[in-house]
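Single-structure report; data block below.
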């Protein structure tokens, strides 16, 4: 297994039992040995009464539902930058595995229409985000924008080695500018480094060649319903296996597949954090990072069975 450093990107009855009591029957009355006599008709009415939902229970379920959102028809767009011709190692080997894993998940397994653009410049990424921010999302219930590329502390790198900040991309999707996504989850997932540490050995870096830039990544807008997921915290690298893909994307796909029927999106991302944190290579460890502005628990496909 050959690891590559993504130029600033790095990647888990209670058995209820009752004690039967002996009973004796007398006409229409059942006598229990503890001297509790219950008329059959009264008992039937009591059971019927118990089956009727109380106002308190109904309100509780309604509150739970108001706090949840089912993502049945998301818009999924992937930017896949894998060829950087100005670099000594121009190909981000292993990134094609990440792309295929994401397509297998969203498109093949879940039947979500997935669009892919490849090898875009920084300006091209910005223009693409502007264009899709102007779409009508009335028929969609959520939005996913996934970027696989090199990166640095300033943001995401285009294949021309120029950067675009993630804040500049998310700005096209705020509630005042993209009204058809108002109140709907907007999820940005970034597999790219956010630091410039050199990578000795057999690891390829997704960091910017040359001197480090210490400017912090622009803050994510405070508007609601955004979830921005990074492969690593600001200033740190993330890792990509040249044969098996990046730690982050591979764990994300595995966990989404396994647990999406049970848990909401943020709990899924916590599992991703845990799984990636357990991995190691010669260069060190990795921990993903999320910036959450969601206002509801977001589930893929449908809400949990307990709320229906």
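Bear in mind that the values in this text are calculations on the coordinates, not laboratory data. Being a predicted model, the structure only gives us computed values, none of them experimental. Counting neighbours? That spans all protein chains shown, and the Cβs are built from the backbone with ideal geometry, glycine included.
General remarks:
- Label-point gap, in nm, between residue 162 and residue 68 - each point 7 angstrom along Cα→Cβ: 4.6 nm
- Spatial separation of Cα centroids for segment 229-246 and segment 100-148, in angstrom: 20 Å
- The gain in end-to-end length when the residue 107 to residue 293 segment is fully stretched comes to 64.4 nm, 0.36 nm per residue minus the alpha carbon separation.
- Length-normalised contact order for segment 94-196 - Cα pairs under 8 Å, 6+ apart - percent: 31 percent
- Gain upon complete extension [residue 262, residue 130; 0.36 nm per residue less C-alpha separation]: 44.1 nm
- Spacing of the two label points (7 Å from each Cα toward its C-beta) at residue 91 and residue 234, in nm: 3.6 nm
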